[in-house]
1. How would the stretch 335-488 be classified by its alpha-carbon gyration tensor: rounded, prolate or oblate, with rounded meaning a/c under 1.5 and the a/b versus b/c comparison settling the rest?
2. Can you list the residues, at least 5 places off or on another chain, whose amide H is less than 5 Å from the amide H of Met328, using H built in the peptide plane?
3. Expressed in nm to one decimal, what extension gain is obtained for the pair Ile189 and Asp462 from 0.36 nm per residue of sequence separation less their Cα-Cα distance?
4. Show the residues, 5+ positions off or on another chain, whose built amide H is closer than 5 Å to the amide H of Ser157.
5. Explain nothing, just compute: Karplus ³J(HN,Hα) = 6.51 cos²θ - 1.76 cosθ + 1.60, θ = phi - 60°, for every residue of the stretch 334-340 in order, whole Hz, x for Gly and Pro.
6. Using the Cα centre as the reference, give the magnitude of the dipole from point charges on the C-beta atoms of the chain (Lys, Arg: +1; Asp, Glu: -1; all else neutral), rounded to the nearest 20 debye.
7. Please give the calculated 222 nm ellipticity per residue for the chain, where each DSSP H segment of at least 4 residues contributes -39500 (n - 2.57) and the sum is spread over every residue; nearest 500 deg cm²/dmol?
8. Pulled fully out, how much extra length does the chain show between Ser103 and Ser157, if you take 0.36 nm times their separation in residues and subtract their Cα-Cα distance?
Amino acid sequence: MTNKLNHPGRGRLLQHSLKFSTIFLITSTVLLFGIGCGDKTTDPVPEVFSISGTLSADGPLDFTTVTVNLYDAPEDAQMKSLLSSYPFIGLVDADLMLFNPNSAVPFESVTPSASGEFQFTNLYQGDYIVDAAAAGFCCPQPESISLGGNENIGQMSLVTETEIIGNITTPTTFQSGHVYRIASDINVIDVAPLTIQEGALILVEGDYAIRIFSDIQVQGSTTNPVRFRLHPDFYQPGADWEGIQIEAGAGDCSCTGMVMHGISTGVETKSGNTQISECLFDAPEAEAIIFSSLSSGTVEFCIIRDGDDGLVATHTSPEFANNLILRMSGAGINVQDSSQANIHNNVIADCGVGIRSSWFTAPQIRYNLISGGDRAISAERGFDAQIEYNELRGQTGEGIYFSIGYNYPAPFRYNNFIDQPQHILFVNGSAGQQPDTVYAPYNYWDGESEEDIPLRIIDGFDHGTLQNPIGPVDFLPILETPVSNAGP
């Protein structure tokens with residue numbers, strides 16, 4: 001059990017108590033020197049509260065072997081601020097969806113009574129998570145509490161872990177409120193669809209994959225998600241598992257209300273049509289979602305944070321809409337290899353590159369907010385895109401970087417460039433390329449006048465040569481005020 005005074009809320013409580021004690025001593029001293037009671041002042045001591053509850057179990061369990069843990073609610077101020085500004089993403093309980101007991105440290109733990117009652121006392125008001133576990137038992141859904149008074153959460157269920165190993169060859173349902181332990185690679189084959197109901201917890205014992213050769217339907221919600229994470233007995237910092245892989249032969253698949261922690265790649269689709277919505281992909285080691293050849297589908301209303309690449313399309317044309325993508329070290333969205341993704345109404349913040357495109361792609365990039373990072377859009381090796389009604393804000397390298405050996409984008413227009421670096425647009429070329437003009441009319445260029453915009457564009461007037469021909473950028477006419485409906 002940790003020292004209660006180490007908790008931030010309790011630290012504030014201690015400061016108030018010390019302040020009260022100091023005032024009391026000073027007041028007592030003043031009274032000894034004859035100053036009247038009318039000069040006495042005190043600060044009120046903050047109230048303290050308790051959280052209590054009772055455990056239940058679906059099998060024989062000695063409750064005195066259970067550990068009940070109390071956590072501070074997860075913090076991601078940037079994510080919560082963006083969710084507040086762009087509520088279309090629809091995440092209802094951010095604290096519960098972000099919570100991962102494998103990587104969180106409880107500030108207090110208690111052992112319940114033999115009949116399952118437990119209590120945490122002397123708590124300052126704030127946001128908390130209560131979770132519990134015992135050998136062979138797990139809590140499928142922890143409790144999220146915004147504490148402003150004494151709170152009894154009622155009954156909290158512990159559920160026996162059900163082991164899953166090998167092939168699934170008949171239609172199978174992982175039931176709501178149950179806990180499943182993946183003890184090997186799982187192959188869902190032939191005509192044996194896998195259904196996972198809301199509130200199920202999937203614990204993976206190692207770097208295994210769930211491979212779908214049939215169909216998968218994940219039926220979670222933002223209030224009662226399906227959770228995937230490493231089993232606590234096999235977790236160590238830096239460890240990951242291989243996610244869901246939708247293989248050749250798969251049909252129509254759907255993943256809704258899914259929370260994935262500790263993944264290498266969350267979902268990789270190689271076949272069929274896959275719809276992914278209202279999911280959280282937390283810290284993917286490689287990519288959150290990959291659509292590859294022979295697959296199609298949509299990703300919408302999802303949150304992806306703190307990994308390498310977010311959404312990837314290669315040799316296919318998925319739709320990426322209304323997603324929040326945060327702090328990816330690589331690209332928020334990566335479109336490559338003859339893909340034509342429809343990318344719209346996304347918020348992409350503080351990624352290395354907001355949207356990267358390469359090898360003969362033709363994405364539609366419309367109504368997105370790309371904030372922070374080195375570059376908002378980076379494209380090379382054949383790029384024929386529609387770039388309209390986006391807001392590009394606060395990049396540090398270039399707003400847009402084109403290194404295009406074969407073709408330029410379609411006219412990009414009605415975009416807002418705000419708080420941009422010196423080079424808002426950098427256009428490069430390659431030997432043998434035709435020095436075509438890049439057309440960029442009707443954009444707002446960071447408040448620059450027509451005379452000053454060329455100082456912030458690198459094009460054929462600046463570095464074109466016979467070996468590296470580059471056309472000029474035609475930026476006229478310009479907009480003198482930002483586009484009102486640019487961005488999500």
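1. oblate
2. Asp306, Gly307, Cys351, Gly352
3. 92.5 nm
4. So Ser157 has HN proximity to Ser56.
5. Listing the rounded values in order: 10, 10, 8, 6, 6, 8, 9 Hz.
6. 740 debye
7. Rounded to the nearest 500, it is -2500 deg cm²/dmol.
8. 17.3 nm
Since every read-out is calculated from the coordinates, none of them should be taken as a lab result. The model shown is predicted, which means the values in this text are computed figures rather than measured ones. Virtual Cβ from ideal backbone geometry, glycine too; neighbours counted across all protein chains shown.
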